[in-house]
Amino acid sequence: MNADGISRKEALARLASFAEGKRHLVVVGSMNADYTVTTERLPKPGETVNAGPLRVLPGGKSGNQAATAAKLGADVRMLGAVGDDDNAGFLLGELTKAGVNTDAILHVPGASGTTVITVDSHGENTIVYSPGSNGRVSPEYVRDHADVITGAAVLGLCLESPMPTVIEAARIAHEAGVKVLVNDSPFIPELPKELIDNADILLVNEHEMSQLLGIDEPEDGDWDAVDWDAIVAQMAGFGFDQAVITLGGDGSVVIDGGETHRIVPVKVDAVDTTGCGDSFMGTILAGLAAGADLVSSAQVASYVSAYAATGHGAQASYGTTEQVTAKFA
Ligand code: RIB
């Protein structure tokens, strides 16, 4: 495996260039109000634990990806739906503040997407998702806004929207030659063939990859010691020549051009890891839109997502280019 460590200075210089994309990027998917509490430890089934004050924070995997990229200076368009509750204005307002273009977002009757999130004293979390308006984002709506997709440099997708909608967005992008990055989250073990056929890059964590490919996880958790050449071949057989596998606090691995590239972790004292994966993906989207390759984009994403782990919530913890640079300079 190639060890793709680059200097901090080089990564931060690359980060600055992510604002220079010539075309916009588009994210199709979810926006959620995250009802979040912090506890000493996560409760076991049937157990009650005490928590700190309830916070309502802007989230949703797709909204988070869009917000990260926009905060890095990328031109970001969001497609999705909010309800007619108070959370609708809150979610749109936060995305707009981050710099996301929300003009094409649909308004439907009923509740916006919500989650219930518990964060423990190590920054780990559990998330329960109620789709609300996200479940009303239809293939027809996506087709009505096809121009936003076909004019983009890259499309970001996750699985918090109905699968027919996700597939339709991928199909429109693929037919127009727009690169498609799919995050298999919330995880499903069997991705539909129509989605795989219309997607270019898969983003999963190590546990998800193991389930998708049917491989055993290393007992000692040492992913550096596994046979990555075999994984590259299996991933290609599954349908992806390009993939990003996140390894939690151990960084990530990028598969590209038949090779693996080890992206070293950026160590921080984590306060809350909610939305760090979305921040990682949003940075990759911004990098690809600015013409960077997948490996470079992931290297920069390590810094941006590490910054996100140092604050509470998802979008609320994301940094601008200046803030990320100042933290790690
Ligand atoms: O990945 C974190 C996100 O997952 C949260 O913001 C929550 O809304 C869920 O979608």
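Read the figures in this text as sums done on the coordinates, not as results from a lab. Since the model is a prediction, treat every value here as computed from it, not as a measurement. Reconstructed Cβ throughout: ideal geometry from the backbone, glycine too, with neighbour counts over all protein chains shown.
Work out, step by step, the length gained on full extension between residue 241 and residue 16: first 0.36 nm times the residue separation, then minus their alpha carbon distance; give nm to one decimal.
Numbers: separation 225, 0.36 × 225 = 81.00 nm, distance 2.79 nm.
Working it through step by step, the gained length comes to 78.2 nm.
Please report how far the C-alpha centroid of segment 39-62 lies from that of segment 252-321, rounded to the nearest whole angstrom. Cα centroid of segment 39-62 versus Cα centroid of segment 252-321: 24 Å apart.
Summary value for the chain: 22 percent relative contact order, contacts being C-alpha pairs under 8 angstrom separated by 6+ residues.
Please give the contour-minus-distance gain from residue 264 to residue 147: 0.36 nm per residue of separation, less the Cα-Cα distance, rounded to one decimal in nm. Each step should come with its number before you reach the end.
On the way: separation 117, 0.36 × 117 = 42.12 nm, distance 3.75 nm.
Length gained between residue 264 and residue 147: 38.4 nm.
The per residue volume of the convex hull around the alpha-carbon atoms of the chain is 129 Å³. With each label modelled as a point 7 angstrom along the Cα→C-beta vector, the residue 106-residue 234 pair spans 3.7 nm. Helical content of the chain, expressed as a calculated mean residue ellipticity at 222 nm, amounts to -10500 deg cm²/dmol (DSSP H runs of 4 or more residues, -39,500 (n - 2.57) each, divided by residue number, nearest 500).
Taking the DSSP bridge list for the chain and keeping only pairs wholly inside it, about 40 percent are antiparallel.
Pairs of alpha carbons in segment 1-106 separated by more than 19 Å make up 57% of all such pairs. Secondary structure note: in segment 24-85, about 60% of the DSSP beta bridges are antiparallel. Taking GluC sites (Glu not before Pro) across segment 39-121, the ones in a DSSP loop with at most 13 further Cβ atoms lying within 10 angstrom of their Cβ are 40, 47.
Please report 179, 71, 61, 267 as a ranked list, fewest other C-beta atoms within 10 angstrom at the top and most at the bottom.
267, 179, 71, 61
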